[in-house]
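Read through the structure below, which is laid out as structure tokens, and then see the notes.
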2 protein chains.
Amino acid sequence: MSVTVVGSIAFDAVKTPFGERERMLGGAATHFALAASFFDEIRAVGPVGEDFDDAAFEVLRTRGTNTDDVEQVAGGKTFFWKGEYGWDLNSRETLDTQLNVFEHFEPKLSQASKDSEILFLANIVPALQAQVREQATGAKWVALDSMNLWIDIARDDLRNVIGMVDCLILNDAEVRQLVAKPNLVSAARELLTWGPSAVVAKQGEYGAVLVTADGFFSLPAYPLESVVDPTGAGDTFAGGFVGYVAAHRGEPVTHDLLCRAMAYGTALASYNVEEFGTDRVARLTGEEIAARVSELQTITAFQDAPVALRA
Amino acid sequence: MSVTVVGSIAFDAVKTPFGERERMLGGAATHFALAASFFDEIRAVGPVGEDFDDAAFEVLRTRGTNTDDVEQVAGGKTFFWKGEYGWDLNSRETLDTQLNVFEHFEPKLSQASKDSEILFLANIVPALQAQVREQATGAKWVALDSMNLWIDIARDDLRNVIGMVDCLILNDAEVRQLVAKPNLVSAARELLTWGPSAVVAKQGEYGAVLVTADGFFSLPAYPLESVVDPTGAGDTFAGGFVGYVAAHRGEPVTHDLLCRAMAYGTALASYNVEEFGTDRVARLTGEEIAARVSELQTITAFQDAPVALRA
């Protein structure tokens, strides 16, 4: 039993108001794997360059993540991203993107990765996501992330692959943009008609919402007093969310199960942003995750104590 | 027993993607009173012009709001605001502001208004808010709203009056701006050291958070598929929130009580934005409010079902 994730494995250079790193392990598949590895064996699929050293492999293999399908391209360089965050961490500027080995990436899943019952298609070209979905013959539940760039330049391909998955995980602005509807709930409901049975709209510092045929669920982000580096928060959320579903393989993927999965995703993401890159989640413990899920419950619960209302 | 609110009573001209109104009743005190009147008798204090007609008075007096302290200025014109909202209703542009009778407003509370145990200082010049607070000798619990303009040009006065109230209700951006801290939780905690025992940070379409010495609480906005006019949502929230506290007068104003108050404020605000101006809340029923509070509980609740996590 395992979860396969296909996506970027990268080196990031990040500057935030709280510090700077010139080269640290990053990428969507990396952050996803670090979080999801708490729940199941993860199989990471993606290309890296010759510069991807043992130390980087070691972090990627945290909690037993399998890297047999991480393709190290001879003479190639690992995908590189450089960005800087603004004062309140809610805006960020991309300063440099070097696709490197990612430019000609053609995902090839081993039989073991094809056999995974759970698949996460991290943000890559939608046509490649569709190829991966077709290769992954064993996948019974598939989640997909994307980005505004593909909505702009490859919307038809994106719509096609969305029709092949069970769960869509996007930023709220992307949900609106994808169907050109200003209202988030309406937009998410429309996306359910494209095929998925669940849409998760990530709202950054505000949290995330879940829309399924059976209802709506909203969960705030965990309230942190110190946020150091938001990079990878969305993929870490996805790792906790998809990981929780994987841990309940065999059970029906109900609305209630996905609500609980949201809490695990949110807890994981909150740890990710406390330090640069993968540092915090790499050394995280299950007890810490459980504690934060429990706190999330406390800070969202209220008693419904009816009051006499005047007419 | 009553709640006194001091603030603007206005005519608004509003254009949204869903329609346009050239002149409708608005203003912070108006929206607050419409919502709070479900919980207690409201005493509205504010100036209007000769153009404030019987129809406007009738709406303001919904559910028995007392207008004895609404000062009709001979020869004067009512405060006028004109604005237009963008595509997703999250941005708005002020096209015209005519202070009119509001320019020389000097709040004078009648003895009955001074005797109210609960006082809401809607957004007006901070120095005037302080004068009202001093007049309101019977007030035992006071909440205050403000805006970025006063943080920019009258921060000392604002800080002074914040030291005189129990609860601060601001937008999240204003909470950050007021103490020049990018982190919302840290900023709210710092504001608690200025005097109030509770800080509510409104987050627009995302909901609101509550910070007290006893904890943190977050509640999403009620998920609507159709939002027509967001004008007055914040003051309607405040009306439901403060009204709920008023309905529990005599009880300690605990963190838990304020969490429940947040739910009532959120429910009221969700109705307010469904139609233009005061239309929806004017004909709202207690049953409708209770239904939405109950739904808010459903869409935020999740079971904490621990899962075995890998080390």
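The values are calculated or read from the model by the stated rules, or taken from the named source; none is laboratory data. As the structure is a computational prediction, the values presented were derived from the model and not from experiment. Here the Cβ is made from the backbone with ideal geometry for all residues, glycine too, and neighbour counts use every protein chain on show.
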Evaluate the following for B:THR285: is it under 22 Å from B:LEU60 (Cβ atoms), touching a strand residue (DSSP E or B) at 6+ places or on another chain (Cβ under 6 Å) and among the hydroxyl-bearing types (Ser, Thr, Tyr)?
no
Anything in the stretch A:174-196 that is in contact with a Leu (Cβ under 9 Å, 6 or more places away or on another chain) and within 24 Å of A:ALA267 (Cβ to Cβ)? List them, or say none.
A:VAL175, A:ALA188, A:PRO196
Regarding B:ARG280, is this residue at the interface with chain A (Cβ under 7 Å from one of its Cβ atoms), over 18 Å from A:GLY207 (Cβ atoms) and within 18 Å of the chain's Cα centre (by Cα)?
no
Report yes if some residue within the stretch B:247-264 is more than 10 Å from chain A (Cβ to nearest Cβ), of a type outside the set (Ser, Thr, Tyr) and buried (at least 22 other Cβ atoms within 10 Å of the Cβ); otherwise report no.
no
Could you tell me whether any residue of the stretch A:98-118 is part of a strand (DSSP E or B), over 17 Å from A:GLY232 (Cβ atoms) and free of Cβ contacts under 8 Å to residues at least 24 places away in the same chain?
yes
Residues (in contact with a strand residue (DSSP E or B) (Cβ under 8 Å, 6 or more places away or on another chain), surrounded by 15 or more Cβ atoms within 10 Å (Cβ to Cβ) and charged (D, E, K, R)) located in the stretch A:67-104
A:ASP69, A:GLU71, A:LYS77, A:LYS82, A:GLU84, A:ARG92
Picking from B:VAL165, B:VAL142, the residue that is in a strand (DSSP E or B) and either of a type in the set (Lys, Arg) or surrounded by 20 or more Cβ atoms within 10 Å (Cβ to Cβ) (or both) would be B:VAL142
Picking from B:VAL227, B:VAL179, B:VAL199, the residue that is within 18 Å of the chain's Cα centre (by Cα) and aliphatic (A, V, I, L, M) would be B:VAL199
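Would you check if B:GLY64 is of a type outside the set (Lys, Arg), under 21 Å from B:GLY286 (Cβ atoms) and surrounded by fewer than 24 Cβ atoms within 10 Å (Cβ to Cβ)? If you could, list the steps in order and put the result at the bottom.
Details: of a type outside the set (Lys, Arg): yes; under 21 Å from B:GLY286 (Cβ atoms): yes; surrounded by fewer than 24 Cβ atoms within 10 Å (Cβ to Cβ): yes.
For B:GLY64, the condition - of a type outside the set (Lys, Arg), under 21 Å from B:GLY286 (Cβ atoms) and surrounded by fewer than 24 Cβ atoms within 10 Å (Cβ to Cβ) - is met.
Which residues, taken from the stretch A:59-97, are on the phi > 0 side of the Ramachandran plot, within 14 Å of another protein chain (Cβ to nearest Cβ) and in a loop (DSSP other than H, G, I, E, B)?
Listed by number, the list holds a single entry, A:LEU89.
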Quick check on the stretch B:206-228: of everything there that is in contact with a Lys or Arg (Cβ under 8 Å, 6 or more places away or on another chain) and under 17 Å from A:SER186 (Cβ atoms), which residue is surrounded by the most Cβ atoms within 10 Å (Cβ to Cβ)?
B:TYR222
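In the stretch A:248-267, is there at least one residue being closer than 23 Å to B:ILE299 by Cα and part of a strand (DSSP E or B)?
No, every residue in the stretch A:248-267 fails to be closer than 23 Å to B:ILE299 by Cα and part of a strand (DSSP E or B).
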Looking only at the stretch A:108-125, decide whether some residue is more than 30 Å from B:LEU184 (Cβ to Cβ) and modelled with pLDDT under 95.
yes
Options A:ALA10, A:ALA28: the member that is aliphatic (A, V, I, L, M), touching a residue at least 60 places away in the same chain (Cβ under 8 Å) and over 13 Å from A:ASN272 (Cβ atoms)
A:ALA10
For A:THR285, indicate whether it is buried (at least 22 other Cβ atoms within 10 Å of the Cβ), within 11 Å of chain B (Cβ to nearest Cβ), closer than 30 Å to A:GLU20 by Cβ and out of contact with any Asp or Glu (no Cβ under 6 Å at 6 or more places or on another chain).
no
Testing A:ALA238 on (1) of a type in the set (Gly, Ala, Ser); (2) out of contact with any strand residue (DSSP E or B) (no Cβ under 9 Å at 6 or more places or on another chain); (3) more than 9 Å from chain B (Cβ to nearest Cβ); (4) in contact (Cβ under 8 Å) with a residue 40 or more places away in the chain, one condition comes back false. Which one is that?
(2)
If I ask for residues that are among the polar types (S, T, N, Q) and under 19 Å from A:GLY240 (Cβ atoms), which ones from the stretch A:4-30 would you list?
A:THR4, A:SER8, A:THR30
Residue check, A:GLY243 more than 11 Å from chain B (Cβ to nearest Cβ), surrounded by 18 or more Cβ atoms within 10 Å (Cβ to Cβ) and either in a helix (DSSP H, G or I) or among the aliphatic types (A, V, I, L, M) (or both):
no
For B:THR231: the one exception among (1) among the hydroxyl-bearing types (Ser, Thr, Tyr); (2) over 21 Å from B:GLY215 (Cα atoms); (3) within 13 Å of chain A (Cβ to nearest Cβ)
(3)
Could you say whether any residue in the stretch B:197-205 is out of contact with any Asp or Glu (no Cβ under 7 Å at 6 or more places or on another chain), acidic (Asp, Glu) and touching a residue at least 40 places away in the same chain (Cβ under 8 Å)?
yes
The lone exception for A:ALA198 - which of (1) within 12 Å of chain B (Cβ to nearest Cβ); (2) among the aliphatic types (A, V, I, L, M); (3) more than 30 Å from B:ASP229 (Cβ to Cβ) it fails
(1)
Looking at the stretch B:288-303 only, could you name the residues that are in contact with a Leu (Cβ under 9 Å, 6 or more places away or on another chain), more than 24 Å from A:ALA261 (Cβ to Cβ) and at the interface with chain A (Cβ under 7 Å from one of its Cβ atoms)?
B:ILE289, B:ALA290
Regarding the stretch B:135-142, can at least one residue be identified that is under 17 Å from the mean Cα position of the chain (by Cα), modelled with pLDDT of 95 or more and over 30 Å from B:VAL228 (Cβ atoms)?
yes
